[in-house]
Amino acid sequence: MVGVRRDTRFRDIVLALAEGTVSAVPVVEADGRVVGVVSEADLLPKEEFRETSPGPSNCGARPASPGWER
């Protein structure tokens, strides 16, 4: 399974998407609990404005839907 952590860097999320040949990945806690999802669409605004708005970002991670909770 391809997944990322909350503190995963933008570049590493892009690599995870490309290597997993997926358009979205779950954001997981250390215990494996899914806490959100980040997709290619979430990354596009950051890429579009990367030269005009430097600084950290959560890359658009969204809270998990109730169906994903364990």
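So here's what we get for this one:
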{"item": "Phi-based couplings in Hz for segment 3-16 (Karplus 6.51, -1.76, 1.60; Gly and Pro marked x)", "result": "x, 10, 9, 4, 9, 5, 6, 3, 4, 6, 5, 4, 5, 4"}
{"item": "Virtual spin-label span in nm between Asp12 and Ala30, 7 Å along Cα→Cβ", "result": "1.4 nm"}
{"item": "In order through segment 37-45: 3J(HN,Hα) via Karplus (6.51 cos²θ - 1.76 cosθ + 1.60), integer Hz, x for Gly, Pro", "result": "9, 10, 10, 4, 4, 5, 7, 4, x"}
{"item": "Amide H contacts under 5 Å for Val28, placed H, 5+ residues apart", "result": "Val4, Arg5, Arg6, Val35"}
{"item": "Counted charge near Arg5, where neighbours are those whose Cβ lies closer than 11 Å (Asp, Glu -1; Lys, Arg +1)", "result": "-1"}
{"item": "Cβ-defined net charge surrounding Glu29, 10 Å radius [Lys, Arg +1; Asp, Glu -1]", "result": "+2"}
{"item": "Kirkwood-type radius of segment 1-49, with distances r between different C-alpha atoms, in Å", "result": "10.9 Å"}
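Coordinate-derived values only; no laboratory data. All values reported here derive from a predicted model rather than from experimental measurement. All Cβ positions, even for glycine, are placed from backbone atoms using ideal geometry, and neighbour counts span all protein chains on display.
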